[in-house]
1. Output the residue which, of all residues in the stretch 540-592 that are of a type in the set (F, W, Y) and under 18 Å from D622 (Cβ atoms), is farthest from the chain's Cα centre (by Cα).
2. Kindly indicate which of T614, T629, T625, T618 is of a type in the set (V, I, T), surrounded by 22 or more Cβ atoms within 10 Å (Cβ to Cβ) and more than 30 Å from D549 (Cα to Cα).
3. Looking only at residues that are in a loop (DSSP other than H, G, I, E, B) and in contact (Cβ under 8 Å) with a residue 60 or more places away in the chain in the stretch 772-809, which one is most open to solvent (accessible area, probe 1.4 Å)?
4. When you go through (1) crowded, with 22+ Cβ neighbours inside 10 Å; (2) within 22 Å of S558 (Cα to Cα); (3) touching a helix residue (DSSP H, G or I) at 6+ places or on another chain (Cβ under 7 Å) one by one for K474, which number turns out not to apply?
5. Take the residues in the stretch 260-288 that are of a type outside the set (D, E) and open to solvent by 90 Å² or more (accessible area, probe 1.4 Å), then tell me which one is farthest from R505 (Cα to Cα).
6. State whether one or more residues within the stretch 357-367 are in contact with a Ser or Thr (Cβ under 8 Å, 6 or more places away or on another chain), farther than 27 Å from V615 by Cα and not hydroxyl-bearing (S, T, Y).
7. Would you confirm whether any residue within the stretch 703-713 is part of a loop (DSSP other than H, G, I, E, B) and either among the aromatic types (F, W, Y) or open to solvent by 20 Å² or more (accessible area, probe 1.4 Å) (or both)?
8. Does R165 qualify as being open to solvent by less than 30 Å² (accessible area, probe 1.4 Å) and of a type in the set (K, R)?
Amino acid sequence: MFQPDHRILRAWLTSATSGVIELDADWHRPLLPILQAGDKAFTLATLEPASPELYADEAAYFVDAEGRLVFVVDPLEHSWIDFERTPVYVAGDFNGWQEAVGRPEWRLERGELLGREMWLLRTDAAHLLAEKSPHFKFVTGDLLWLGFSPDATNVVPDGKNHYNRALHRHRTGRNLFQFTTSEPLEPSRSYTVIHLRDGQQAPKVRLRLGKYFHNLASTLPLGALARREETIFRLFAPRAKHVRVFITDQLDAPPDAAFGYELDKRLEDGEWRGVWEARLDRHLHGWFYWYTVSGPQNVFGHFSPNQKILDPYALAAVGREGPGIILDSSWVGKGDRGFRTPPWQDLVIAEAHVRDLIAHAPAPLTADERLGFAGLRKWVERPDCYLKKLGVNCVELQPVQEFDNRTREEYHWGYMTVNWFAPASAYSADPARASGVRELQELVAAFHRQGMAVVLDMVYNHAGEPAHLLLVDKLYYFELGDDGALANWSGCGNDLRARSAMAKRLIIDSCLHLIEAYGVDGFRFDLAELLGVDVLRDVEAALKRAKPDVILIAEPWSFRGHIAGALRPTGWASWNDGYRNFLREYVHGAGAADKLEYFLKGSPWHFAFWPAQTVNYTESHDDRTWLDTITENGGNNGFRPTLADVQRTHLMAAILFASVGIPMIAAGQDFLRSKHGVNNTYLRGDLNALDYRRLRKFPATHAYFAGWIAFRRSAAGRLLRLWSRPGEGFFKAFPGKEQAALALLYNADGSEGPQRLLLAVNPLPDDVTIPLDAEVAGWNWQPVADHEQFYDAQRPAPAGTVEAELFVPALGCGLWLAER
């Protein structure tokens, strides 16, 4: 039996003069809290029970005055759902979880709560508020589970790697109290709340700053702004007590030789919105600088007034610790503007790492050039550049912003970003002179001249090491528990609070800078689930105002959840992990034909509302390579692939490039790249570097990938490059007599003109025949490719044609073209 001690669980401010206190159980007697700041204690101006409805903001339920349990969904937290058309249900261990779907007694209806539109379900509380706290979630009629707000306080694990909400019988909304203070509380001070009960003092609870604090924002330009006769320094640090900037023109000068200046609070429209500013009457282009920040010392602060901080808006940096480099925006200039970003449905992407591409590239590069941007630019410009010969029209570069390498020579993937504006010093020939700015601009322009768009992998879900933003304001910029502990759904030590207004602005501003200064074509957001759908929608809107054809791709998951379904109404495409996992099994004969049909059609509706919203892939930088994953060899080591490994890879390539959506391969996948079975190689440049000798060892596989890419991008491949969803008659599937084999007819209804395509695949170890309609079999089919090659004058198709019983060899496939 739960025995409440009525201790304070949490306390937070809703404005500078008001807040909420939450007890661990309902309380019906006078509450006597005291607010304390340092040695000073004072009573609150007013204190009264809060409306029970307020509890729903964090727990998604409360008990109303009539004793009914009310479940609550805020539509603003799930903007991707059309609540008018999509039913939403309460599902839990009390109603069979998804068995609740379709049952009207568990469906939420439109209502109003605290003056706002909400979706509510009122039900009898007696049988649900039992001693054992039942678990629940919300689910749509098409079985998409709604995620939790990071502010939810009743999220609990179920022991099966899932998280649910819990109903607590002793917390019904009557455990909340509202208070006001007689004077505004300073965000730069530490406050605690003490509950006096029966003359005894309960443990202190730290007073947190609530949503109003995280909505604090400025529109002022930030960073080091070098102008003709002055340089302005601006830093957003809303809880700082003091901010100083240090400048020097000598990188190797001792710290005490730098000039230090105090920043002052900068008022906007008569009020302070968190920005500190200093103006120096000198043009400081090329100088080095860093900040120090002091603030409240508590679990919500990570202030260290002697620690150098790299400006989050620094346009260049000498290294991961800084210093930043002051750059005049006129010197930075503009990126390439002469390239037309391909339409999304025409994209064929290769994911690649700067150093992996050039470490062993067969080009006359110096050892220094093989470390970064300048060497890659030279490789890209060569007529024998691997990516050019492969035929892709888009490269997705793993992170190229400043990350956590300690020395220039260290190898990293780059997913521990410490600044989102500055080109990586590790890839720059002369970091102290900000050479990376020009080198990255020239690299992007070189890719463009070769007909390749450039997408950058952006890591906004967490901050790398050192996490400079922690020193600017831990509470504002990071997701924290009530004890000040950093959330870690990223698995990298912290989670950025992207929903804080200026964190979101930092994301948008850095992307806009990369578009404007470097001419990049788009972005892939790492672990985008942690940013949240609403933030991603705002980012999309801001970037499309600057570049309407910007490419936006999300990795739609984290260790916390998956939001691909929630992104369907947006303009974001998503990496399709379901596609990846299915094909790994399918080439071993383990998948069903109807599932293959679904993925070939572009994962319609459940994953993607529009065709190019699914990024289809089977290998990325993470985990093992495709070959190491599917190989028959022991230890997942595909370095010496078997014949069946090669055949399965060709079968995968045929499916990948014939699937509606955006195909993506990992660089080297086309020449059977292996990492010798090693799963995590983020520090293993020796394993990740592309071994171009395998192009000579497996030329047929490379040619097969290149053939498929060329066909997909050709006029004949337009039926694979759909922008909008076709009618129901566009596809016609012919499942094999065996469960896994399939033939799929594209443009079956002729809605896209007279041309038709027929793809047949067989993942089984035995030959199969697939029955076709007699009419379809009688069309004038021309063979285009099989599982080994594309046909041309030098490689004519073998005898035989499409018949009513279509023969497909073991681990084989075929592609045919017909005009009607």
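The values are calculated or read from the model by the stated rules, or taken from the named source; none is laboratory data. This structure is a prediction, so every number in the text was calculated from the model and none was measured. Quick reminder, even Gly has a Cβ in these numbers, built from the backbone with ideal geometry, and neighbours come from all protein chains shown. For accessibility, only protein heavy atoms count, side chains too; no ligands or nucleic acids. Shrake-Rupley method; radii C 1.70, N 1.55, O 1.52, S 1.80 Å.
1. F582
2. The conditions single out T625.
3. It comes out as E788.
4. Unmet condition: (3).
5. Here the residue is R282.
6. Among the residues of the stretch 357-367, not one is in contact with a Ser or Thr (Cβ under 8 Å, 6 or more places away or on another chain), farther than 27 Å from V615 by Cα and not hydroxyl-bearing (S, T, Y), which makes the answer no.
7. No: the stretch 703-713 contains no residue that is part of a loop (DSSP other than H, G, I, E, B) and either among the aromatic types (F, W, Y) or open to solvent by 20 Å² or more (accessible area, probe 1.4 Å) (or both).
8. Yes; evaluated as a whole, the condition is true for this residue.
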